[in-house]
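A.B. asks: This is the structure, below, for whatever I ask next.
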Amino acid sequence: MNATAIPVQQLICQLLNAADGIPADTAAAGLIISHGHFLHRDAFRRVITADTSICTGQPLATICWDTALRALNTGLLPCASSEQAILRIAASLGDPAIPVHLRAVLGNLDTRTITLVATAITAANGYTTPNPRGHRLRGSN
């Protein structure tokens, strides 16, 4: 299914359901959701795959991180520098094959945004933190 046709609130639920139980994936999706910018842009939503679970039939959505970064790097997903930083950090959390150079991306983030990043990194590490739905995330500590 085309993720651009899914209402934002449903897409949020589908992203979090797909990431459930994997702290880094939940943190990556949570960072994108909490930032509040990307899920409202069709250019970003085109890199989201929406489907259903083969086990439960539950609707799920996943972000193709390498495709998102390729869109960013080729100008198909124009963003402000702080938005680029959020996307690069989230992609690094969501895909272990994607590195991020923190020194290059952290310099221009405002207090709210750096708080979102710190929360995401904490959640990816498996510590209990609030997720975008207001529930508590549990990882192995």
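A.B. asks: Would you be able to tell me the number of residues in region 84-129 that are part of a loop (DSSP other than H, G, I, E, B), touching a Ser or Thr at 6+ places or on another chain (Cβ under 6 Å) and within 23 Å of residue 64 (Cα to Cα)?
C.D. replies: Initial filter on region 84-129 (part of a loop (DSSP other than H, G, I, E, B)): 95-101, 106-110, 125-128.
Going one step further and asking which of them are touching a Ser or Thr at 6+ places or on another chain (Cβ under 6 Å), we end up with 98, 100, 108-109, 126.
Checking which are within 23 Å of residue 64 (Cα to Cα) leaves us with 98, 100, 126.
Selection size over region 84-129: 3.
A.B. asks: Could you tell me whether region 12-23 includes any residue that is acidic (Asp, Glu) and outside any loop (DSSP other than H, G, I, E, B)? Even if it seems obvious, please write down each step before you answer.
C.D. replies: Keep residues of region 12-23 that are acidic (Asp, Glu), which gives 20.
With outside any loop (DSSP other than H, G, I, E, B) added as a condition, the list becomes none.
There is no residue in region 12-23 that is acidic (Asp, Glu) and outside any loop (DSSP other than H, G, I, E, B).
A.B. asks: When residues of region 22-74 are filtered for being of a type in the set (Asp, Glu), farther than 16 Å from residue 2 by Cα and surrounded by fewer than 16 Cβ atoms within 10 Å (Cβ to Cβ), how many remain?
C.D. replies: In the first step, residues of region 22-74 are kept if they are of a type in the set (Asp, Glu); the result is 25, 42, 51, 66.
If we keep only those that are farther than 16 Å from residue 2 by Cα as well, we get 25, 66.
Now drop any that are not surrounded by fewer than 16 Cβ atoms within 10 Å (Cβ to Cβ), which leaves 66.
Qualifying residue count, region 22-74: 1.
A.B. asks: A further question follows. Touching a residue at least 40 places away in the same chain (Cβ under 8 Å) and among the small types (Gly, Ala, Ser): which single residue out of 68, 27 fits that description? Can you show your working first?
C.D. replies: On the way: 68 fails: touching a residue at least 40 places away in the same chain (Cβ under 8 Å).
The conditions single out 27.
A.B. asks: Starting from region 37-56, keep only residues that are modelled with pLDDT of 90 or more, then list their pairs with residues that are assigned to a strand (DSSP E or B) and among the hydroxyl-bearing types (Ser, Thr, Tyr) whose Cβ atoms are within a distance under 6 Å, requiring at least 6 positions of separation or different chains.
C.D. replies: These pairs meet every condition: 49/62.
A.B. asks: Right, next: Can you confirm whether residue 77 is crowded, with 21+ Cβ neighbours inside 10 Å and in a loop (DSSP other than H, G, I, E, B)? Before the answer, list the steps.
C.D. replies: On the way: crowded, with 21+ Cβ neighbours inside 10 Å: yes; in a loop (DSSP other than H, G, I, E, B): yes.
Yes; evaluated as a whole, the condition is true for this residue.
For (1) more than 21 Å from residue 73 (Cβ to Cβ); (2) touching a residue at least 12 places away in the same chain (Cβ under 8 Å), each residue gets a yes or a no:
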{"position": "86", "(1), (2)": "no, yes"}
{"position": "89", "(1), (2)": "no, yes"}
{"position": "94", "(1), (2)": "no, yes"}
{"position": "111", "(1), (2)": "yes, no"}
{"position": "116", "(1), (2)": "yes, yes"}
{"position": "124", "(1), (2)": "yes, yes"}
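A.B. asks: Collect the residues in region 80-126 that are surrounded by 18 or more Cβ atoms within 10 Å (Cβ to Cβ) and among the acidic types (Asp, Glu), keeping them in residue-number order.
C.D. replies: Matches in region 80-126: 83, 95.
A.B. asks: Report, by residue number, each residue of region 31-70 that is touching a strand residue (DSSP E or B) at 6+ places or on another chain (Cβ under 7 Å) and more than 23 Å from residue 118 (Cα to Cα).
C.D. replies: Within region 31-70, 47, 48, 49, 50, 51, 52, 53, 58, 59, 60, 61 qualify.
A.B. asks: Identify, by number, the condition in (1) at pLDDT 95 or above; (2) within 20 Å of residue 41 (Cα to Cα); (3) part of a loop (DSSP other than H, G, I, E, B) that residue 71 doesn't meet.
C.D. replies: (3)
A.B. asks: Test of understanding: among 85, 123, which residue is at pLDDT below 95 and under 15 Å from the mean Cα position of the chain (by Cα)?
C.D. replies: On the way: 85 fails: at pLDDT below 95.
Every option except 123 fails the conditions.
The values are calculated or read from the model by the stated rules, or taken from the named source; none is laboratory data. Fair warning: this is a prediction, and the values are worked out from it, not measured in the lab. Cβ atoms come from the backbone with ideal geometry, glycine included; neighbour counts cover every protein chain shown.
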